[in-house]
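Everything on this sheet refers to the single structure shown next.
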Amino acid sequence: MPKAILPWRLKSFQQSTGTDYNSLLGEPGSNAKTNKNLTPTFTHNLSPADTSGVINVCPGAGNCKKTCLHWAGNPAYMKGKQAKRIRQTIAFSRDQNSYLEMLSVAIVRALTKFEGRQIAVRLNTTSDIEWEELQFNLSPDVADFILLKFGVKLAPGRYNSILELFLQFNIKFYDYTKLKRNWQKCRDLNYHLTASFDGHGNAANHKVCIDAISNGVNVAAAFNIKKSQPLPERINLLGFSLPVLDGDVSDSRFDDITGGCLIGLRFKQPRATKYSADDVASFCI
């Protein structure tokens, strides 16, 4: 059998951008938020908002910028973590098609690690990109590499999104978003979205959340309370009376009751960035 060799075009792209499909996704167990999921969850991280200096990957961000969970975790590892996310963001902005091919290989690698068991993938762990709108070509040489390396057959050709490419597989894609999306289109692509509330002062975000609730999509919001404190059972938000689900029990939002619930998240203090009490108050309920 021929040896599986990554096509030179994609290998050259990885070398020039300092990226690697083997480490493009965070492994299950590497993220404190997704560790609680029963479904093995892989995370994809870019440098949030405009912190890469080349592209804004969170066009709907507002109050959340100063308290982003990107800055959470051990500050000792922040420099290396941020550098990797910047490299990946630059690679994405430089050649979107090659990046999506590389991401496709990474997802297949993740899938085969669990031999048919369902996995979950968060493409926007620290970004807010409309993946369902990004068309790309999967070249025959990359499809051949995937077949030889992982034993997974993917048809080469033009895809409307990376979600369409993996629609037939046992993968649960999910994310939070501050953008108005085609909610039904995402459902049809097996892409579970939860809208994200950005505080009481962000009128543009309010419109997104109202549209989401009106379409049966849940909304997540941060509460400035201690880890030990209970969340309210119900809350009035943007003209809706919403039952509150505890979003800290796990991050598997695709298992939540749907139809207009508020996913309550206790505010986690980022340790590697500066912010004020006013910043927290602006973002949290």
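The values are calculated or read from the model by the stated rules, or taken from the named source; none is laboratory data. This is a predicted model, so every value here is computed, not measured. We place every Cβ from the backbone using ideal geometry, glycine too, and count neighbours over all the protein chains shown. Areas reflect the complete protein model, heavy atoms only, side chains present, ligands, DNA and RNA absent. Shrake-Rupley method; radii C 1.70, N 1.55, O 1.52, S 1.80 Å.
Would you check if there is a residue in the stretch 253-275 being outside any strand (DSSP E or B), of a type in the set (Ser, Thr, Tyr), under 24 Å from residue 182 (Cα atoms) and touching a residue at least 24 places away in the same chain (Cβ under 8 Å)? I'd like the intermediate steps shown before the answer.
First pass over the stretch 253-275, keeping only residues outside any strand (DSSP E or B): 253-261, 267-275.
Still in the list and also of a type in the set (Ser, Thr, Tyr): 258, 273, 275.
Narrowing further to those that are under 24 Å from residue 182 (Cα atoms): 258.
Still in the list and also touching a residue at least 24 places away in the same chain (Cβ under 8 Å): 258.
Looking for residues that are outside any strand (DSSP E or B), of a type in the set (Ser, Thr, Tyr), under 24 Å from residue 182 (Cα atoms) and touching a residue at least 24 places away in the same chain (Cβ under 8 Å), one finds at least one in the stretch 253-275, hence yes.
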- Query: Any residue at all in the stretch 4-22 that is surrounded by fewer than 17 Cβ atoms within 10 Å (Cβ to Cβ), closer than 23 Å to residue 222 by Cβ and modelled with pLDDT under 95?
  - Reply: no
- Task: Can you confirm whether the stretch 72-87 contains a residue that is at pLDDT 95 or above, open to solvent by less than 10 Å² (accessible area, probe 1.4 Å) and not in a loop (DSSP other than H, G, I, E, B)?
- Result: no
- Message: Take the conditions more than 18 Å from residue 180 (Cα to Cα), aliphatic (A, V, I, L, M), without any contact (Cβ under 8 Å) to a residue 40 or more places away in the chain and outside any loop (DSSP other than H, G, I, E, B) and apply them to residue 242. Does it pass?
- Response: yes
- open to solvent by 60 Å² or more (accessible area, probe 1.4 Å) and more than 15 Å from the chain's Cα centre (by Cα): does that describe residue 35? no
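Residue by residue, here is whether (1) open to solvent by less than 20 Å² (accessible area, probe 1.4 Å); (2) within 17 Å of residue 181 (Cβ to Cβ) holds:
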position: 120; (1), (2): yes, no
position: 137; (1), (2): no, no
position: 144; (1), (2): no, no
position: 149; (1), (2): no, no
position: 161; (1), (2): yes, yes
position: 164; (1), (2): no, yes
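Checking the structure you have, find out if any residue of the stretch 222-237 is surrounded by fewer than 17 Cβ atoms within 10 Å (Cβ to Cβ) and among the hydrophobic types (A, V, I, L, M, F, W, C).
The first filter runs over the stretch 222-237 and keeps only residues surrounded by fewer than 17 Cβ atoms within 10 Å (Cβ to Cβ), leaving 224-230, 232-236.
Narrowing the set further to residues that are among the hydrophobic types (A, V, I, L, M, F, W, C) leaves 225, 235.
So far as the stretch 222-237 goes, yes, one or more of its residues are surrounded by fewer than 17 Cβ atoms within 10 Å (Cβ to Cβ) and among the hydrophobic types (A, V, I, L, M, F, W, C).
From the list 204, 281, 195, 212, exactly one residue is modelled with pLDDT under 95 and not aromatic (Phe, Trp, Tyr). Which is it? If you could, list the steps in order and put the result at the bottom.
Numbers: 204 fails: modelled with pLDDT under 95; 195 fails: modelled with pLDDT under 95; 212 fails: modelled with pLDDT under 95.
Unique residue meeting the criteria: 281.
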